[in-house]
1. Out of the residues in segment A:85-118 that are more than 9 Å from every other protein chain (Cβ to nearest Cβ), of a type in the set (S, T, N, Q) and surrounded by fewer than 16 Cβ atoms within 10 Å (Cβ to Cβ), state the one that is farthest from residue A:47 (Cα to Cα).
2. Of the residues B:254, B:303, B:263, which is β-branched (Val, Ile, Thr), surrounded by fewer than 23 Cβ atoms within 10 Å (Cβ to Cβ), under 30 Å from residue B:212 (Cα atoms) and modelled with pLDDT of 90 or more?
3. Restricting attention to segment A:201-242, and to residues there that are among the β-branched types (Val, Ile, Thr) and within 14 Å of another protein chain (Cβ to nearest Cβ), which single residue is farthest from the chain's Cα centre (by Cα)?
4. Going through segment B:145-162 one residue at a time, which ones are buried (at least 18 other Cβ atoms within 10 Å of the Cβ) and under 19 Å from residue B:179 (Cβ atoms)?
5. Within segment B:283-302, can you find the residues that are assigned to a helix (DSSP H, G or I) and either among the hydroxyl-bearing types (Ser, Thr, Tyr) or more than 19 Å from the chain's Cα centre (by Cα) (or both)?
6. Which residue is nearest to the other protein chains (Cβ to nearest Cβ), if the candidates are limited to segment A:250-268 and must be surrounded by fewer than 18 Cβ atoms within 10 Å (Cβ to Cβ) and of a type in the set (D, E, K, R)?
7. So residue B:75 clears everything in (1) within 14 Å of another protein chain (Cβ to nearest Cβ); (2) surrounded by 15 or more Cβ atoms within 10 Å (Cβ to Cβ); (3) at pLDDT 85 or above except one condition, right? Which one?
8. Show the residue pairs that are 6+ apart or on different chains and have beta-carbon atoms under 8 Å apart, the first residue being within segment B:38-49 and surrounded by 10 or more Cβ atoms within 10 Å (Cβ to Cβ), the second being among the aromatic types (Phe, Trp, Tyr).
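The values are calculated or read from the model by the stated rules, or taken from the named source; none is laboratory data. Just so it is clear, the structure is predicted and the values come from calculations on it, not from any experiment. Note that we place each Cβ from the backbone using ideal geometry, even for glycine, and neighbour counts take in every protein chain shown.
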Amino acid sequence: MNGNSSINTKFSRRGFLGLAGAAASIPLLAACSGGSGGGGGNKPIKFWNMPWGNTAFNPLDQKITEAYKPANGLPSAAYQEIQWANFTQTFSSAVASNTGPAVSSGGGTQAFQFESQGAIAYADNLLNSWKNNGLYNDFLPGLLDAMKVPKGYAAVPYNLDMRVLWYSKPLLDQAGAKVPTDWQSYLDACAALKKIGVYGYGTAAGAGAFTGGHILVSWMINNGGGLFDEKQQPNCVTQENIDAMNFVLELVSKGYIDPASPTYTSANAQAQWKAKKYGMGFDTAGLAQNVGGDALNDLAVASPLTSPNGKKGALFFPNNIMMYKNTPSQEGSEAFLTYYYQNMTPLWTQATGIGLPPLKSITQTKEFQANANNVKVINEWQPIAKTWAAPGGTALFLGVTTVDGTPAMDTFTQSILGGKTDAKSALTTLQNSIKANLKS
Amino acid sequence: MSTTSIADRMGRAKRGVGVSGTGRQGGRRRNKSLRAKTWTYIIFTAPALILLLLINLYPVIYAAFQSLRNGTLIDGGDFVGFTNYVNTLVAGNMTPAFWQAALFTLIFTLVGVFGSWAVGLVLALLLRTRIPARGLFKVLLLLPWIVPVVVSAFSWNWLVATPQSPFPMLAQALGLGNVLFLADPTLAKVTVCVFKVWISFPFMMMMMSSALAAVDNNVYEAAKVDGAGSWQVFREITLPLISRSTYISWILMTIFCVNDFPTIFLLTGGGPVGSTTSLVVLAYRTVFQDFQVGPGVAIAFMTTVVLIVVSVVLYRQIRKASIE
């Protein structure tokens, strides 16, 4: 009896341990078994999209996605909204673990980051197929070029985020100033506005507000400059850039820029527009809607300024949709995107708050044409707008992640808008920071 | 079942060797039973321990490896040894930013800890006196701690950010001109530190209130009888008797301040020109905005080490206070 008991005890203990080990190994084995891979089957195409607009955007977007009826043998589509909070981690961990989407939007430079890691399925075949159904020629000029990397198209343009010059009609009238057309007339208008206690260069460069930095680069591009050369290397300390930053520093020193703007949030800047303290300024194409109230009637988009070099230009962000190699079916990803682009017009015609459309056909709808400011942005600003890659190129690339909302760009912006630097020193510091970040 | 008699068993009980079986055999069985029990405990606690290790230790070890690599958020990168630490501390593009952030973290922590402690202690002492609506005051004074920091930061931004905000208007009315509370680097530091004191003093007030409640009133009465003045009572009796709680609150607040991300990030984003960037904010921006995981994690690790050292020093003070 004792002997048996002893054996039983040993057995049960080992048995228990064995069972425990087996139980513990199940999730490990499951974790090691990989993700969806490229096996196909009945798995749907996972489409992850961001909250690009107001609360109406994602429900409508989901409705469009779920209305997709795939051709025989192709997978259906499943919709997932991804929040902007920590979206880089969300995507990177999902892609690394093969549990990510087959198709997604995301950050403007996300496709180029994943492309450099070999995770992106190039859109060349898709775009070729769109030459037959009219979609290819429907894109606004220059948009597709911004997506092209040496190995192919990393993504497809989706919605446009522009930086444009806004002015307040009543405040310019009150100041007796004309809508500026070049740098000198801009200075004149600022001087007139200052006399009535209004700032002529409304901007924001504080917590979470990257617009201030975008506009500084816009000034550089407007003067024929920019941050990167043809080899996609930082080339910030150029005469065009120095002249542009000297012009901004002149605006600072003359008191045309709100001295608190280096630390303004977007909400602070909008409050200044609302309080009629900003008579002119650069912002997104949706500024009037964001400020609301009187601004809807008072604010208007001006034409792009002409620089002393006789050039025009501005910074813009072609947000995009990318396809991933980790898909149940590449053919299925492409078929879904074809459907999506052919049916996404309501996202713009039903006031969902998404950025400007990438397709000419959408800009020609009566709903879009009803907004004169948007029409002006598409007609006058979009054709002259360039990406971060300017002046060296048009296509985005991995290196632009060193300037898009980075501490280096924030520091540069706040030092220029604070007026306690000179153009060459600030640009040299920026250049060195970009170089160091590219190396590491 | 047993073959021993009751008398034998009684004798054994008196000798303390157990009531059944042989003494030696019983000891072996007890040892065996003890071993079995130990194994059982280990087996039953193992899942929880493994889970704890996976949740707490694994990320730390993984992060330590990350700090020795040059990866990004989507790429593990290559092993680079201690390059990230060296570049951060002495000879890299991160070095000036790191030391600027370290200095601000020190200022922010010192002001945060001692500022909130001083305000909290004063209020705790005041709340001991007989004032009308004391309960209401307690609740009101707790509000800065209770309200989510996002709301507080938004409120403070409204108070100080634009020239039309109440504080700049007040400064204007006092003839101080256009005071840039957030745009001027020095004033931004002051504003962020004051904001930290404001959201932290209720915690200190609670800690000090509970410490003061534990002090025996007879001690105060005895001191009064001996002719001690208010300052003498505070310095010689109150402070020593609440020293243990004081050190604990300093440790906690030091950890809160050094690890405080939202207070700074929501109010200034670390600006202007990096003047309010603390080590935690710098680590965040390096990892999530510059996509340099290695240097960012290295900064976080070094911050943790400093924090541990400070905590140990303060903890020794607690032991000292307990002994005394």
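1. Looking at the filtered set, the residue picked out is A:97.
2. B:254
3. My answer is A:203.
4. Within segment B:145-162, B:156, B:157, B:160, B:161, B:162 qualify.
5. Residues of segment B:283-302 assigned to a helix (DSSP H, G or I): B:283-288, B:293-302.
Within segment B:283-302, B:284, B:285, B:286, B:287, B:288, B:293, B:294, B:295, B:296, B:297, B:298 qualify.
6. Within segment A:250-268, the match that is nearest to the other protein chains (Cβ to nearest Cβ) is A:254.
7. (3)
8. B:43/A:16
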